[in-house]
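What follows draws every value from the coordinates through simple rules; no lab data is involved. Treat the numbers as computed from the prediction; the structure is a model and nothing was measured. As a convention, Cβ positions derive from the backbone with ideal geometry for all residues, glycine included, and neighbour counts pool all protein chains shown.
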């Protein structure tokens with residue numbers, strides 16, 4: 001599958017490496033607002049992970065979409081720009097893998113997904129941990145009522161301490177990333193709660209913006225509570241103002257599952273989790289030889305890495321010839337909860353119903 005990058009953001013470099021190792025995809029082109037930026041991006045990454053044919057540089061996103069050499073696009077543009085270019089990509093017949101948060105509002109995302117459906121192209125968001133073999137094992141465990149039992153509570157936190165110059169970062173630009181840390185980090189917190197609950201939407205949420213950027217608007221620390229009609233509850237905290245943490249706990253009636261690194265595993269060779277404080281490891285695959293001292297932050301972009309598996313699964317959906325409706329549905333559910341959390345925060349934490 002020939003993939004074009006609409007944008008040359010930093011995260012796109014990580015995905016270049018993942019695509020290189022996928023065995024099913026190649027980067028065919030990169031477009032940026034400045035053609036020289038696209039060219040420099042290609043030169044930098046091609047030097048380390050070289051595709052047989054160097055990707056083409058474009059100075060206009062539309063030129064990339066017009067190319068018959070492109071089957072799908074990866075969209076790492078700022079959130080406020082994604083709707084326009086996802087819809088244009090769909091209308092050009094290109095399959096779409098989109099960074100998160102996918103849109104500014106659920107209404108926008110519905111339009112994006114509908115455009116993809118109408119044009120028979122696959123839509124998927126770029127949440128890498130969804131493709132980890134660890135989640136496949138966890139799903140079976142959560143369905144074992146003798147091991148975990150009915151879920152009662154889910155908790156998650158994702159934070160990192162931003163630098164002094166972070167006020168210049170796009171993630172605290174209200175015009176481009178209006179959800180701030182909730183969109184950039186909280187999307188993962190909401191997703192892991194949805195995963196644990198078998199994709200059921202909560203009935204109501206209560207949320208608070210705890211800190212904002214210098215613009216006085218963009219959330220830099222945010223917390224929320226999700227309430228299900230069956231009595232299950234979930235809590236999350238995300239922030240640019242606290243030291244790195246990325247944990248999730250799922251508490252059942254008979255057991256508890258804990259992940260200290262559910263988003264980016266410290267050791268991607270053998271991502272781990274705990275059941276009742278006993279550690280279990282999920283070997284990435286029989287072909288992987290686990291080193292004696294794995295890298296502190298694990299390897300990414302390798303054949304067993306969750307980022308590589310994301311592009312493999314994306315290609316699998318495309319090559320199947322049948323649209324996988326689960327991926328866009330999961331994205332929309334995440335966005336619906338995010339929207340409700342923002343609405344609650346604007347009302348001082350009042351309970352807000354989650355739209356169906």
Practice task
Once you've got the GNM for the chain with C-alpha springs shorter than 10 Å, pick whichever of 179, 72, 162 has the biggest mean-square fluctuation.
Solution key: 162
Practice task
Order these peptides, 164-174, 107-117, 58-68, by their mean beta-carbon neighbour count within 10 angstrom, highest first.
Solution key: 107-117, 58-68, 164-174
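How do 280, 95 line up, fewest other C-beta atoms within 10 Å first? Please report the intermediate quantities before stating the final value.
Values: 280 15, 95 25.
Ascending number of Cβ neighbours within 10 Å: 280, 95.
Compute the Cα gyration tensor for the range 67-214, then decide on rounded, prolate or oblate, letting a ≥ b ≥ c be the square roots of its eigenvalues: rounded whenever a/c is under 1.5, prolate when a/b is larger than b/c in the other cases, and oblate in all that remain. Don't skip to the answer; put the middle values down first.
Values: a/c = 2.00, a/b = 1.19, b/c = 1.69.
Judged from the Cα gyration tensor, the range 67-214 comes out oblate (a/c at least 1.5, b/c at or above a/b).
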Exercise for the section: Obtain the nm distance between the two label points defined at residue 91 and residue 119 by a simple spin-label model: each point lies 7 Å from its Cα along the Cα-to-C-beta direction. Expected result: 0.8
Completion exercise
Out of 226, 182, 81, a Gaussian network model of the chain with alpha-carbon springs under 10 Å gives the largest mean-square fluctuation to 81
Exercise for the section: Give the distance, in whole Å, between the Cα centre of the range 1-53 and the Cα centre of the range 141-173. Expected result: 29
Problem - Solvent-free Debye scattering, log10 I(q)/I(0), computed from the Cα coordinates of the range 2-126 at q = 0.18, 0.20 Å⁻¹ - result: -0.88, -1.08
Completion exercise
For 340-353, 194-207, ranked highest to lowest by mean beta-carbon neighbours within 10 Å, the order is 194-207, 340-353
Practice task
Among 160, 273, 222, determine the one that fluctuates most according to a GNM of the chain built with springs between C-alpha atoms less than 10 Å apart.
Solution key: 160
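At R0 = 30 Å, how high is the FRET efficiency between residue 215 and residue 111 if r is their beta carbon distance? Nearest 0.05 is fine.
Numbers: r = 27 Å, r/R0 = 0.91.
So the FRET efficiency works out to roughly 0.65.
Does the range 103-177 classify as rounded, prolate or oblate by the C-alpha gyration tensor (a ≥ b ≥ c root eigenvalues; a/c under 1.5 gives rounded; else a/b over b/c gives prolate, otherwise oblate)?
Here the range 103-177 falls in the oblate category.
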Fill in the blank from the handout: P(r) of the chain over all Cα-Cα pairs, 10 Å bins starting at 0, rounded to whole percent, reads 5, 24, 34, 27, 9, 1
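Within 10 Å of each residue's Cβ, count the other Cβ atoms and sort 261, 215 from fewest upward. Mind showing how you got there, number by number?
Values: 261 20, 215 12.
By the 10 Å Cβ count, ascending, the order reads 215, 261.
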